[in-house]
Every structure is written in C-alpha cells, then in structure tokens.
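Below is one structure, written out as structure tokens; comments come after it.
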Amino acid sequence: MALLAGAFVFVSCQDGDWDVPEGIPYGNNSLEAGTPVTIAELQSKYANVISSDNYKQITDDLWLRCVVNGNDYGDNLYKQLSVQDETGGIIIGINGSDQGAFMPVGQKLLISLKDLYIGGYGNQAQIGGLYNGGLGRMEISEWKKHVRLIMDGMSEALAFGTIKVDTIDFDANKTMAQQAGRVVRLSGVTISRDGTPIIAPDDGSVSLVSNCVNRTLSGGNAGSKCVLRTSTYAAFKGVAIPTTPVELYGIATIYRGTWQILARTQSDLTWTK
Amino acid sequence: MKKKQLLLVFAFMVTPQIHAQFYDAAEVDSLSVAGGNLQTDGADEFTFTESQLGENDDVTSDVIHVGSSSNIYTSQIGWAWSSMWFKFRALDNAYNDVYMNGVQVNNPENGRFTYSTIGGMNDATRNRDDVSPFESNSYSFNSMGGSSNYDFRASSMPAGHKVTLSGANRNYTLRGMYSYGTGLSKDGWAFFGTVGYRWANMRTAAIKGTFYNSLAYFLSAQKVINDQHSLNLAVWGSPTERATAGASTDEANWLANSYQYNPYWGYQGGKKRASRVVNTFEPSVLLTWDYKIKDEMKLTTSAFFKCAKYSSTRLNYNGTNPHPDYWKRFPSYNYDVWGREGDYNYDNAAFWLAYDNWQDESYRQINFDELYFANTQLNKIGADAIYWIEARHNNHLVTNLASTYEWNIKKDAKWRVGMQILSNRGSHYKTIDDLLGGEFFHNTNTYLVGDYTETASEAMYDVNHGYQKLIEGDRYGYDYDLWNQDVKLWTGFSIDRDILHSFVTAKMGGRRMWREGFMRNGLFQDNSYGKSGKAHFLDGGLKMGSTINLGKGHAVTVGIGYELRAPNASVAFMCPEMNNDYAQDLDNEKVLTTELGYALATKWFRLNLTGYYYKINDANEWQQFYNDDINSFSYNSLTGVNREYYGVELGLRVQLTTNLNLVALGTYSEAKYIDDTQVNWMSSTTGELHQELCHNKGMRQSGTPLAAASLGLNYRIKRWYLNLAGNYYDRIYLSYSTNMRYEKNLQNAGRYHAGEYDVPAQAKGNGGFMLDASIGRQFYVAHHPLSVNLQLCNLTNRRNITTGGYEQSRSNYSVTETENSGTEVTTKPRTYNFEKNAKKFYAQGFNFLLNLNYRF
C-alpha cells in the first residue's frame, strides 16, 4: 500500500496548467515607424489609379498609422479589413480569416506600405496584392510581414495618439475619399423587403451577387444609390427587416457609383438591440 | 529442485490455460512450454503495446485477443501481428467477449473491451482462459470473435516478489512494475498485489508531440473459508494520462518528411503542447464467491462494479479551422496535382508558398500562441473566445452480477448454466477544458447562428439556462446519460464419445435502454430534456460444434451457430447529442457463424487449417461527421447493414530439432458489406431527418490486414531464447467514408451516368514485409531468476506500411446552392482532392523493448 501511495505521489500530471504566452505572435514586431502618410494623402497620391480601377505597387517607404474600424468578426466583411485614421478610411484585402479576432475594432496598426499594391475596385480604394493579374487580396503571410500591432504601453516611438473609431453621418453626396472606409450612420432609412424579409436570405427568394444580398436603402439620409450589402454567411443574415424606417451603422464602400453599406455585427442594426 | 519448481511455477504462470479439446497434454512438447516463459513474457509486452489497443479516438484500432492455445494460428497471431492492429477474422472488437472471474467486462454501451485498461498490471493478467469461437468453455456462450476469462483470484497468482524494468522507444519509454504474492497460506488466505508505472514525455516518446503517464495497480485478497467456500476481492485501476497522435495524409507526411507526422500538437511559449490528451481511470472492484457444492458441482458467482472516467480533449473553434493539417493549408489546395480536367486552381506561386510554409515546423504544428493572442484580443471587446480545448467525457457506472453453475455429470460430460445481470449508466458530456486565454463563450450552437439570431432559443444548446455564458469547467454542447440494462442466461453442454468431442450452447437475453437528457436543446425543446421512452430487445442464440478425432493425430472440427444480438446503446439513438429519438428501423443483428477445420499433430509437427464463413444481417452502425453537401454537421444511422466474413487460416509448427522449431502462420480473408445500406441522417442545423441509400456494397473491413503471413524460427538452448520472424501484410483497407457514397452525393459528384453509380473504390494502405527478432536469456542472481529479453521489431525499418486510417468525409466539390434554396443543387469542383487524401497511420520503424524481470 505504501508503494501504491508512493506511486500516486510520484505520478504527476504532464498536461498541467499552461501560462498565457507573452508577446504578440501576429504581424512583424521588428517594424519601426518610418515616413508617415495619412489615408487621405495616400488616396490623393494614387487617385488616378484608384479612380481608373487600376493598381500600382507602392515603391515609397511609406508608413500608415491607423485603427481597425471593421473586420470579419460578424462574417460579413469577407477577407477584408477596414481601417481609418483622422483623415479617412480604406479597405485592405487579406487572404485570411479571423482577422476580427487578431485585429478587433479599435486595434491600432502600423503598416509598412512599401511593396504592397494599391488601386481601385469599382472606384473603391483598396490595398492588397496581385491576384490573377489584377488587384486582389494579399497572402496572409505577406500581410503579417507588413503589419505591426500597436499595443498600450509600447515605446513612444511606436505609440501614437488616440484614433477614435468615430462615426459620421452618411452623406450620399460625399466623395469616396471623404467617406469610404468610414463607419457611417444612416437613420430613418427603409430597407427593401423583397423576397423573404430577412437581411440576407439564401433561399432563392432574392438574387445573390457573390453570395451577398444587396437591399436597397431609401429615405432618411440614404440618398438615391445606396444598398445594405450583406453576405449570406453573415452571423446576422437572419435578422428580420422591419417595415418601418430604421437606424443602422456600417462601413461605407462604393462600387461604381453605388454606396454599399456593410454592417459589421448585429449591433450595427440598432433595431435588434 | 527448487529452481525447477520455480521454473515450473513461472511457466505455469505465464502460459495461458490450455483448453485443448483433442490434444493430449503430452502432445504439447515440454520444451515449448518451459521455454515459453521467455517468449510469453515478450509476447505479453507486445500484446499490450498500448498504441495498438484502442487508444486512438480516430479509428477503431482495438485488436481482438484470441489466444486459444489449442490452435497454432490463434495462439500465435496476437504476438506475431499485433503491431499491425491485426483483427482476428477482421471482426470488430465488440465481437470478442472478455470476462473476469466469470463476469463479462466489455463496455456495455458499445460492446468493446479496451485492453489498455488493464495495461501495466501484466503480472495480474496472465491467468487467462482464451477460447476461439467454436471451443466450449466454462464461463459463457462463446462469442464469434472468441472469448477470454481472466482469473483474478489471489491464490492463482504466483507467490514471491517480482520486479520488472523495461525500456523502449515506443509510446512509453520506461516501465517499472513490482508484484508480490503470498500464495495460499495454511489458514486459507492469499494476497497478491502489483503496481506498475509507464512513462514517456514529449522528448522521449516515439511519436512527436505525445507523452504517456500511466500508473496501474491491482490488489487481490482471497479467503478460502473451507473446502467448499472461498471469497475473493480484487480491485484494480490504471489512472492514465496520455497524448494521442493523429493520422495524416500522404501529402502531409511528405511535407513533414515523416510517416509519423502528428498534427495534434504545437508550441506554446516555446514548449510543446498536445491538444489531444486522454485522461482515463476505471477503478474496478470484483467480488467472487466460489462454492464447491460437490466434487463434481461448482457455483461461481461474481459481482463487478466499475466507475469509469474517460475524457479526451481536442482543439475546437468558432472561426477558421486552426488545425495545421486543415486542407486549405496544403500545396495541393492551390494547384491540381492530379491532372484532372476541369475548373481547378493552377496557382504555382501559392503552391510553392504553401510548400515553403510547411518546411517550418511551427507552421505544420498548432500555433497555440496565436490562438491565445486571438482570444485575449477578443477579451478586450467583450467577445466570446473563438478557440478552446474541449474535453469529451464518456463515463460509465457499471454493475454486473454473474453466476455460473458447472456440473461434471460424468468424466466425459459437462453441463454449465449461467446468468449475467448488468446495469450501465453511460454519462456523456463536453466541458471547456481550457479557454486558451479567453474569458468565456456562450452555450450556443454556432452552426445555427445566421439562420437564427445568436440569442434565439433555437440556437441554444440548453434552453433551460438561456443565453448562457460559460467559463472553464462548464458543461456545454450536450449532456446526457445512456442507460442499458441486460439480463442474459446461457447454458452449455459438452460430451466426449468415442472419437467425438461435441458441445452445444445456447443463450437468451433481454436488453432495455433509454436516454436521459440534461440539456433542453433549442432545436428539440420538447424532446431532449428528461427521459426518453424505453426500448426493449430480446435476443438469443444457439451454437454447436464437434471435433472428430480421426486418429494418428488427425482431427476435423466443425461448428455452426446462429444468434440474435440486440443493438448496442451506442448506435441505438439517432442523435443522442441533441434529442431522445431512437434510430429508425433498429433491429437485432442476425449472426450466422460456421467453421470447418483440420488439424494434424505429431510429436514434431502441428498443423491447423481452418476455414470460416460468417454472415451478419441487420447490423446497426452510427456515425457523425461534417457533411459538405448540406454545409452542416450530420448524424447518420445505418440500419439493416449486411456483412460477410470468410477466409482460411493456417498455423504450422515444425520441430526441426530438439532446440529449433519453425512456425508458419497465414490467413487470407474477406470481410465486406454485401448490400447497399439504408441511411437515416439528420442535419444538425435543421433537425430534419432524411433517408437515402449508401452505396457501400463491396466496402471492406478496415484497419486490419486481410491477408497476412508469417514465418518464424524459434531457437532455445539452455537458458537462451532466440526468435526471428518475417511477417508479410497485404490488403489493408482504410475506413470508408459513407458520406462520399450517399446516393445524392454521388449525383452531386457527377458519378451518376445512365442509371449507374460510379462508386469510388475504397482507399487502401500499403502492405509490406516486416522483420522482427527477439532474444532472451535467463540468469540466476543470488539464486533467483533474472530474465532479460530484447525485442527488436521492424529490423529493416520499413516505415511505409499502413496500419490503418480513414477516408475523409469531405467532398471534392462545394455545393453553391443547397436544396433549401429551392433551386437545383449546383456544385463547384475543389482543387484539393479529398478522394485521394485519406488519412493514414503508419507502422513505427525500427523499435525495441528491453525487458528485465527479477523474481525473488
């Protein structure tokens, strides 16, 4: 019995408690800030490329300091990250999922733009990589080389001031550079209830465009060419559409003259709260 | 003299009880028995190599231990072929019944016995009565896969001390065992105890990313009250913590440059961490009363109680699949390497990028640091963790009472009658084992989120607790008990008349079962919480056989049996994780067994040649997997399954000289489905039940060679023992995917032409040749025997021999419009070829076990 008791004492668990690993195992922690550029400056610099739906590799040593304002957390933005600074917003195409977990809304980023590609897709500014001879998403491994996540408490050289994920009222008359990539608020708008009156039905009752449902927004501050664009994979695709005007939030993007509002999570659809 | 006595005791202890029906004891040459001590020592080590005995959750790898010594073939295959997970007659382990002091100890829920639960207590498990399917025995209606009865009485155990030390490069590195037995004292007491420990850590285990940590204990006390009565109490258990390895595709093995690539581990803070850890402890108590009514009458009654705890962890997620062997991470996801015609990817750059990534070990293993980081980032916005380690618990509370009455009517006629009464509660639930830095998540069926809002009751796993926030240790997903209660009666009669030894045995029994749910599942709010209705089954069987002794060592054996087997609770419910519904069309399995054998035994020669034919009708099977064609997890019940097993077996031993013998073994068998099978399946996202046909006709039993041959030489001289054996294995099939062969899925795959289905051929593994050797020597140290045995397995280091595996249950296409859309199903081909990427386990290359034991 003594032997048995001794053996029990001797045997210790091998899969014991694990400590939370230190450090930031995402992105390139060796990046240091260089020549800063704002989103407005960037879009201005490449305005012709963007407006012509062309693309160009960034050859200058430019550094963007921005904050995440939209991601794939709600499964609506697909392999896209939306970032903003004080001057504007822009979409970044990344061929990887779960960006919302690694870079939640509010996460500050330092991005080395050199060697990345910038261009337009339906006149929407986008940073990405080459895919099939055009502008597409960059590989996740490439993205991780170009981004550094900035956390509280980092050195002064890296830390940058507060960039608030602010919300602006949607204005259909604003330009892409003024409004796209920003979180916008629409109020008093009516959502089209064609087919099954949920946000993104996949039952064939409405036509899909790249697995997304575009529902026309009218009234309020929606203007004349504005849709709520929602993936049929979105976590909130089944939310019922009210018959009355509503308030909603989302990332403003533009596609050939039509504003497409991308709600990020169900909480952007304020009537569900 | 004392040495001889010790040797005799030793030989007796390690030799399974001989249950010869027609061999005289004299025909078993003494050298083999006496010399068998060294071999059997080694054989037992090998037989209980834990990696091969039901310790993998991905496949059913439990072998069947049929050690009947009356047949050269059955007595040797356990030793010779266990490294290949050889299954006797390609039967599932559930068809092999295991008893302890007469009480059946197979898992009452699935019928299987996991030998690893008695691993590490080898000194207590040597007294075993093994019988092959058509041998009479004193404890049961013999199972179609054979039966074993362990004798755990303290007086049956050897007296004295024994210390065993072992070193190996297998799934454990070191093993130590100590046992002590008193023998039967004059005042009628006998005690025996053994304790063992097996160990390997991440640095020493043969397969990267695994470890082994197992203690075993066994204590038995017997009081012989008088000439008639004896009581024995045995307790044992084997608390074990071990990390398991996963099967991999050939592409993964190629990229990792290892046939033993294991995707189930990764680095956390620079340290190796396993994601799949099994914790098991099955403390068991067995009380036995032996009552010798008269010299020729005996009653054996045993009460067995077991409280089994089993949990198995795995990485789970609600987001992108974080497993390193996720199909989208492979080079062949980006480039069609199979030369097919169609709309496939040919992205050369992405192919080589993936290739380069795989060269980095941190890429081809789990990146725990990233998972922690993601969860801690989500903490900042108050969101659910998206990665966690879950533990799946399968606990059992078993009570079993067995009684056997044996009457030796005459010297040559025996009658036995017995009963077994069993109750089992199987508790099944999941817990959050580690939130990997996260703070919580909700008890929500995330597959349903989208169709329902996150807080909708339909999406809740447990409506009784609402939109429930969970932390580490909490139960989630499912929580239910399966109860089954069995009563079995059996009887057997055997008689010797002239040249005939005959037996007939019969059984009948009843089983009832039910489910009790402890969560009210949102999709089945009226049918998941509380008790289900009770299902009742009656079964029975009849089996008979004869051995006709033709004289001069020639004998012919014949046997036939027919039985009904009640379905196991493990396959009886349509979707036990979600509701109380029974599988539709449940019925008893109908089993026909036949066997014809020829045996020849002379002083120098023993031959067994056996042919068998088994047919199983109306078998029940159950599976769960992700079904691409419905973009949902699915629960699948196969009923009315018809299978056929047949083959020939050869065992031959030739005593070439006094010291040298040759053993040849061989089998060629078939084990396959003989009809397509009706399937009822349920989608976890709709809760709707569907029926369709699975085109599984011709699919074969997996995870065992259907053809195997062995040629071995055994040389014994003085106290040396040498063995050299060459083994050849072939026709190794992998577990077929039912999903790939569903009628609708075959249509989706474009495999339906002009009324004919083009059913994919079942994936196969590689067979091959393996050379094993063993050398042993017995010494005397301080007048006590010290045995040293070294096993050298797979001497030629053949690493490409497949031991088992399974086809992936994914499709070679994605469904772009589901049937729910009201439109025709349309598909898009996938570049990654699931049909060509079965996951496989490979035999370990060269491996050894050095074993020393000293008794004093």
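Throughout, read-outs are computed from the coordinates displayed, never taken from laboratory work. Given the structure is predicted, the values throughout are model-derived calculations rather than measurements. Every residue, glycine among them, receives a Cβ derived from its backbone with ideal geometry; neighbour counts consider all protein chains shown.
Figures for the structure shown
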| item | result |
| --- | --- |
| Fewest-first sequence of A:212, B:793, A:13 by Cβ atoms within 10 Å of each Cβ | A:13, A:212, B:793 |
| Between region B:656-711 and region B:77-124, the alpha-carbon center distance in angstrom | 18 Å |
| Three-way shape call for region B:89-197 based on the alpha-carbon gyration tensor, with the a/c threshold at 1.5 | oblate |
| Cα shape, chain A, gyration tensor, a/c 1.5 rule | oblate |
| Fraction in percent of alpha-carbon pairs per bin - 20 Å, chain B | 14, 48, 32, 6, 0 |
| Sequence-distant residues sharing a close amide H with residue A:114 (under 5 Å, placed H) | A:62 |
| Extreme residue, positive dipole direction of region A:167-272, given options A:234, A:178, A:197 (C-beta unit charges) | A:178 |
| Region B:497-529-region A:224-273 distance, computed between alpha-carbon centres (Å) | 53 Å |
| Relative contact order of region B:624-762, defined on C-alpha pairs under 8 angstrom at six or more residues apart (%) | 21 percent |
| Residue exposure sequence - B:358, A:63 - by fewest surrounding Cβ within 10 Å | A:63, B:358 |
| Cleavage-rule hits (chymotrypsin sites (Phe, Trp or Tyr not before Pro)) in region B:649-693: DSSP loop, at most 11 neighbouring Cβ within 10 angstrom | none |
| Percent antiparallel among DSSP beta bridges (both partners in the protein assembly as shown, rounded to 5) | 95 percent |
| Pairs from A:45/A:225; A:144/B:272; A:237/B:828; B:223/B:488; B:590/B:672 whose Cα-Cα separation, in the structure shown, is over 20 Å | A:45/A:225; A:144/B:272; A:237/B:828; B:223/B:488 |
| Region B:465-563: trypsin sites (Lys or Arg not before Pro) falling in loop per DSSP and having at most 15 other Cβ within 10 Å | B:534, B:552 |
| Exposed-loop-free span, longest in chain B, where GluC sites (Glu not before Pro) count as exposed if DSSP calls them loop and at most 13 other C-beta atoms lie within 10 Å | B:342-687 |
| Rel. contact order, % - alpha carbon contacts under 8 angstrom, at least six apart, chain B | 10 percent |
| Dipole magnitude of chain B about its Cα centre (Cβ charges: Lys, Arg +1; Asp, Glu -1), debye to nearest 20 | 3760 debye |
| Directionally averaged projected area (convex hull, Cα atoms, region A:167-272), nm² | 5.9 nm² |
| Three-way shape call for the protein assembly as shown based on the alpha-carbon gyration tensor, with the a/c threshold at 1.5 | prolate |
| Mean residue ellipticity (222 nm) of chain A, computed from DSSP H runs ≥ 4 via -39,500 (n - 2.57), nearest 500 | -3000 deg cm²/dmol |
